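Participant: Let me give you the structure first, and then I'll get to my questions.
No lab work stands behind these numbers, since they all come straight from the coordinates. Quantities reported herein were computed from a predicted structural model and do not represent experimental measurements. Please note: Cβ atoms are built from the backbone with ideal geometry, for glycine as well, and neighbour counts cover all protein chains shown.
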Amino acid sequence: MRTADNRLILGHRISEWCGHAPMLEEDIALANIALDLIGQASSFYTYYGKLEGKTEDYYAYRRDAGEFQCIPFVELPRGDFAQTIARLFLWASFDVLYLENLTSDSDQEIAGIAARSLKESKYHLRHSAEWVLRLGDGTKESHEKIQNSFNYYWPYLGGLISSNQSLKGLFFENVSKHLSKATLKTPTAELITSNNHSEFLEPLLAEMQFLPRKYPDAVW
Amino acid sequence: MVEERIREILREVKDPEIPVIDCVELGVIREIRVSGNKVSVDITPTYSGCPAMKAIEDDIRETLERHGYKDAEVNLVFSPPWTTDWISESGRQKLKEYGIAPPDELVQFPRKKISCPFCDSQDTVLKSEFSGTACKAMHYCKSCLQVFERFKSI
């Protein structure tokens, strides 16, 4: 459930760029990535829903912050474009490993959802990795902005890797290799291990859930 | 065989985003089961967030109902995941005629030269890995100066 909630909330954050991205191609790319993440959440919710007798909409729209299991890493505001790219790169770097692992899950349906999501995640990783290179090895300003963004998100990686500690080594190795390629420093800040929600989740839910909460009979 | 007949009926269900190809050519139909007048169809979704999938699902039910198969069941099957390798030869041809470069055989990171669907030139560049829908990337042809979309190979 945590992985589904993470996908929904991060997808929502990235979708906030729709119509606001620095250029048209990037607007489309971010909207597509958000759609992938929300779609992945939907597949997982549908799967759990069958076990618990609930619909995917219940999980997305009828739960309060306390019932969500997402981690602060995905809840934090989208920030500027550098912040969005830094977080997406860190997320996708971990997610590719996480999903690869999940494709051998004993549950065929989970393994299937993971295999399909993995194809999408590889695109997210490649796209964000290219931007990390461009921004890191770009101008002085872009370099500073993307470095600050990595410094900002770094401590919250504690929550991300907590879902599968065995992938930690490879994840940090991959990330720091790419950061040095982009002339960036790998932050050394200590990781936060608490997964308590940040103060940013409730306002996000208020916006996302407004319509079905206000008009409970509304249908798609 | 009645399954074959159902398959023919399903050819009426087009991809709402790319209306020249049908759901059989798209390769999403996994299995068709018939018992009496009750039809059940297994489909494999393409992309997680593809809104066309829901439309295709509903359209399958409506089309079967129109042909007298009431209350058809449509099940989503996730494993194995859909791949562009399942798009049929006729589907690929229709994509090209529609102005979308068809996917090539599966490679993890497609980096080879893509032919322009309009003038067949290979002098093209990738503009963005993402385009108007999740399944396509944006390319530019330096010969005919035309932006075109390509079905990503996944």
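Participant: Please list, or write none, the aspartates and glutamates whose alpha carbon is within less than 12 Å of the alpha carbon of residue B:142, excluding same-chain residues fewer than 8 places away.
Facilitator: Result set, ordered by chain and number: B:120, B:123.
Participant: Another question about this same structure. All other residues with a Cβ under 11 Å from the Cβ of residue B:1 taken together, and with Lys, Arg as +1 and Asp, Glu as -1, what is their net charge?
Facilitator: Details: positive: B:5, B:7; negative: B:3, B:4, B:8.
Result for the local shell: -1.
Participant: Given the protein assembly as shown, what percent of its DSSP beta bridges are antiparallel, to the nearest 5?
Facilitator: Working: 17 of 23 bridges.
Approximately 75 percent, going by the DSSP bridge assignments.
Participant: How big is D for chain A, in µm² s⁻¹ as a whole number, if Stokes-Einstein is applied with the Kirkwood radius of its Cα pairs at 25 °C and 0.890 mPa s?
Facilitator: So the translational diffusion coefficient is about 137 µm²/s.
Participant: Still on this model: With r defined as the distance between the Cβ atoms of residue B:93 and residue A:130 and R0 fixed at 30 Å, what FRET efficiency is calculated, to the nearest 0.05?
Facilitator: The calculated FRET efficiency here is 0.40.
Participant: Tell me, what ³J(HN,Hα) does each residue in the stretch B:131-144 have, in order and in whole Hz, if you take phi through Karplus 6.51 cos²θ - 1.76 cosθ + 1.60 with θ = phi - 60° and put x for Gly and Pro?
Facilitator: Each residue's phi maps through the Karplus curve to give 9, x, 10, 4, 8, 10, 10, 9, 10, 9, 9, 7, 7, 9 Hz.
Participant: Round to the nearest 10 and give me the degree value, 0 to 90, for the angle of helix B:51-66's Cα axis relative to the longest principal axis of chain B.
Facilitator: That helix lies at roughly 40 degrees to the long axis.
Participant: Right, here's the next one. So the label point goes 7 Å from the Cα of residue B:55 along Cα→C-beta, right? Which residues of the stretch B:129-154 then have their backbone N under 15 Å from it?
Facilitator: Once the point is set 7 Å along Cα→Cβ of residue B:55, B:132-136 turn out to lie under 15 Å by backbone N, inside the stretch B:129-154.
Participant: Spelling out what I want: for every residue of the stretch A:55-63, take phi, set θ = phi - 60°, compute 6.51 cos²θ - 1.76 cosθ + 1.60 (Karplus), and round to whole Hz; glycine and proline get x.
Facilitator: Listing the rounded values in order: 9, 4, 4, 4, 5, 7, 10, 10, 10 Hz.
Participant: What does the net charge come to around residue B:79 if you take all other residues with beta carbon closer than 14 Å to its beta carbon, with K and R at +1 and D and E at -1? Numbers along the way, then the final one.
Facilitator: Values: positive: A:116, A:119, B:30; negative: A:105, A:107, A:109, B:31, B:42.
Here the charged neighbours net out to -2.
Participant: Amide H neighbours of residue B:48 under 5 Å, counting only residues 5+ apart in sequence or on other chains, H built in-plane at 1.01 Å?
Facilitator: Counting only residues 5 or more places away or on other chains, the set is empty.
Participant: Separate question: List the residues whose amide H sits under 5 Å from the amide H of residue B:131, counting only those 5 or more places along or on another chain, with H placed 1.01 Å from N in the peptide plane.
Facilitator: B:136
Participant: Between residue A:214 and residue B:38, what is the label-point separation in nm under the 7 Å Cα-to-beta-carbon projection?
Facilitator: With each label placed 7 Å out from Cα toward Cβ, I get 4.3 nm.
Participant: Any idea what the relative contact order of the stretch A:66-220 is, in percent, if you count C-alpha pairs under 8 Å spaced at least 6 apart?
Facilitator: Taking the mean separation of contacting Cα pairs over the length of the stretch A:66-220, I get 31 percent.
Participant: Could you go through the stretch A:85-90 in sequence order and give the Karplus-derived ³J(HN,Hα) for each residue, using 6.51 cos²θ - 1.76 cosθ + 1.60 with θ = phi - 60°, rounded to whole Hz, and x for Gly and Pro?
Facilitator: In residue order, the calculated couplings are 5, 4, 5, 4, 5, 5 Hz.
Participant: With a cap of 13 neighbouring Cβ atoms within 10 Å, and only residues DSSP puts in a loop, list the GluC sites (Glu not before Pro) found in the stretch A:164-213.
Facilitator: A:190, A:199
Participant: Further question on the same structure: How high is the relative contact order of the stretch B:2-82, in percent, with contacts defined as C-alpha pairs under 8 Å that are six or more residues apart?
Facilitator: 31 percent
Participant: Would you kindly enumerate the cysteines in the protein assembly as shown that have no other Cys beta-carbon under 4.7 Å from their beta-carbon?
Facilitator: A:18, A:70, B:23, B:50, B:135
Participant: What relative contact order, as a whole-number percentage, does chain B give when Cα pairs under 8 Å and 6 or more residues apart are counted?
Facilitator: Relative contact order here is 19 percent.
Participant: Right, another one. Report the label-to-label distance for residue A:58 and residue B:11 in nanometres (one decimal), using points 7 Å from each Cα along the Cα→Cβ vector.
Facilitator: Distance between label points: 4.2 nm.
Participant: How much of the DSSP bridge set in the stretch B:2-82 is antiparallel, in percent, rounded to the nearest 5?
Facilitator: Close to 65 percent.
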